[in-house]
2 protein chains.
Amino acid sequence: MTFAFNEREKCGSCPIRHRAVCARCDDDELSRLEQIKSYSTIEAGQPIIWRGDALVTFSSIVSGIASLSRTMEDGRTQVVGLLLPSDFIGRPGRAFVDFDVTAVSNVTLCQFRRKPFERLVDEVPHISQRMMEMALDELNAAREWMVLLGRKTAREKIATFLEMIVRRSAVPHHQISRYTLPLTREEIANFLGLTLETISRQLSAMKKEGLVEFEGRRNFVIKDFQALHRASGDDLEGDMGN
Amino acid sequence: MTFAFNEREKCGSCPIRHRAVCARCDDDELSRLEQIKSYSTIEAGQPIIWRGDALVTFSSIVSGIASLSRTMEDGRTQVVGLLLPSDFIGRPGRAFVDFDVTAVSNVTLCQFRRKPFERLVDEVPHISQRMMEMALDELNAAREWMVLLGRKTAREKIATFLEMIVRRSAVPHHQISRYTLPLTREEIANFLGLTLETISRQLSAMKKEGLVEFEGRRNFVIKDFQALHRASGDDLEGDMGN
DNA sequence: AGCCCGTTTTGACCTAGATCAAAGATTACC
DNA sequence: GGTAATCTTTGATCTAGGTCAAAACGGGCT
């Protein structure tokens, strides 16, 4: 699953070319980015940056999944977002990082050194426009998640989470499609504001009710998409948010 | 408290001139904004926009407080953000509104018609840069709030909320300073993911412990800032997030 | 000054989800 | 191919915060 990127790989053939911060850039702008970029890889489970670290590079996720999280002094942890390919790490204009970023699977990053990148953000409107767009999308997702965290029941939270995975893998779901949980039960719990036991019990219940079926710990099949949606607590927004 | 704005008030004397979307604009850019703006006022308690409404205008809050919220079909409500003077309403590039916006106190808006404003966003980097900055600040605040909603206890939530009010009123807190709750108990509950009864009980407990003192329902004095902070569950970030 | 109506407080009780504890599964690793 | 190290499931019990209900408080308004 890990892509092998040569140090001077061309942006033109990059898998996230049209979704990342560089999405709107023309060839000239792209070559300016090319000059300050480099690739790096992080193994599953390893930290990418810690909260409080000085921000020395920005990066785009090229492949793999990372989590953004905050851990309180006593160990309580909340995952505040999942970072997928094309998502951006780092915040122009800040000296320090606000949340821990951890590789959930093996991750390939396209990194930019801080100063030159910040200069580009100021000079190239296509970059700041795209970053604004991405920030607003994430803001919306974060707020949607706040509703989940503040008001949904355990069942609704988990149904919403499963639905999110289905929607993201975006394979126009035929009758039988197999999906994969990207996270352990504990990570799911930290994402949903629950405990791992509650996740496990709730998934078992959904199995028993014939809503999902599991093959191994991480692969599942949705047996009843409608019921899943009904369980999510969301109204039938035909994708309102567009 | 409500400001009286004449329809053609100059931006130069605007109280939010240096914090709103227009913060980075020069005089030329400001006059372009001036041409497409108009003021409007909304009474406390009235809706400003509903989720699902077509987005016809963007606006900046000039004075007053509004809330951003989502209500589920069965009435459960989560407030996902408070909008204070200089905060922005609306999202360029979207046709519909994603959350309900409601005036919590009397509100004055500086409104821009959609199309011309979107053109400005594309043409004037000072605007898109500022909007990105604001979006990123809100994103950070939203994520911080996710930690509160997902992992904090009722006590910690309320302490954090009181601290937020203290920090925002930004009067360099001398021994005795009087603050005001901008929300009813029910609104606080919907903001913190609790019920109004829990808010009331927790505030009573804090009173009994000598942490806060109330004068009427909405005015309070913090008797022990340290204890308040300790109760918030946050570590002693000397304002990390900068 | 008194009255009304919405807000807030307080009490009694209940429940969803947490916590504690101990088996079962998987996977990775010699 | 066995076994250690993780994960996951399941059970028993506890509790923070929710729910339901009623009294107390404020704060306009006449």
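Each reported figure results from applying straightforward, stated rules to the coordinates on display, with no laboratory input. For clarity, every value in this text was computed on a predicted model and none was experimentally measured. Don't worry about glycine lacking a Cβ; one is built from the backbone with ideal geometry, like all the others, and counts go over all protein chains shown.
What the table below lists for this structure:
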| quantity | calculated |
| --- | --- |
| Residue list for segment B:41-78, given a label point 7 angstrom along the Cα-to-Cβ vector of residue A:167 and an amide N cut-off under 18 Å | B:51-53, B:69-74, B:78 |
| Relative contact order, percent, chain B [alpha-carbon distance under 8 Å, six or more residues apart] | 19 |
| Convex hull projection area averaged over all views, the protein assembly as shown, Cα basis, nm² | 23.9 |
| Surrounding net charge for residue A:215, when Lys and Arg each add one and Asp and Glu each subtract one, Cβ distance under 15 Å | +4 |
| Mean separation of Cα contacts under 8 Å, 6 or more apart, over the residue count of segment A:120-221: relative contact order % | 24 |
| Shape of segment B:37-115, Cα gyration tensor, a/c cut at 1.5 | oblate |
| Inter-chain shielding of B:94-101 (mean C-beta neighbours from other protein chains, 10 Å cut-off) | 3 |
| Alpha carbon centroid spacing (whole Å) that separates segment A:93-143 from segment B:38-81 | 28 |
| Antiparallel bridge percentage (DSSP; both residues within chain B; nearest 5) | 100 |
| Normalised contact order of segment B:56-112, rounded percent, pairs of Cα under 8 Å and 6 or more residues apart | 53 |
| Crossing angle, helix A:125-151 versus chain A [Cα axis fit, 0-90 degrees, rounded to tens] | 20 |
| Inter-site label distance for residue B:74 and residue B:24 at 7 Å from Cα along Cβ, in nm | 4.6 |
| Shielding by other protein chains, A:124-134, mean Cβ within 10 Å | 5 |
| Inter-copy spacing of residue A:170 label points, which lie 7 Å from Cα along Cα→Cβ, given in nm from shortest upward | 4.0 |
| FRET efficiency for residue B:155 and residue B:38, using Cβ-Cβ distance with R0 set to 41 Å, rounded to 0.05 | 0.35 |
| Distance in nm between pseudo-label sites at residue A:205 and residue A:94 (7 Å out along the Cβ direction from Cα) | 3.6 |
| Segment A:185-233 shape via C-alpha gyration tensor axes, a/c threshold 1.5 | oblate |
| Per-residue mean of C-beta atoms belonging to partner chains within 10 Å, peptide A:40-46 | 0 |
| Normalised per residue, the volume of the convex hull around the Cα set of chain A (Å³) | 138 |
| Exposure proxy order (Cβ contacts within 10 Å, fewest to most) of A:108, A:71, B:153 | B:153, A:71, A:108 |
| Loop trypsin sites (Lys or Arg not before Pro), segment B:185-216 (other Cβ atoms within 10 Å of the site Cβ: 10 or fewer; DSSP) | none |
| 13 Å beta-carbon shell around residue B:30, net charge (K/R +1, D/E -1) | 0 |
| Residue-averaged [θ]222 nm for chain B, counting only DSSP H segments that reach four residues, each worth -39500 (n - 2.57) | -12000 deg cm²/dmol |
| Pairwise FRET efficiency - residue A:196 versus residue A:224, Cβ, R0 = 25 Å, nearest 0.05 | 0.50 |
| Rounded, prolate or oblate (a/c below 1.5 giving rounded, otherwise prolate when a/b exceeds b/c) for segment A:140-204 by Cα gyration tensor | oblate |
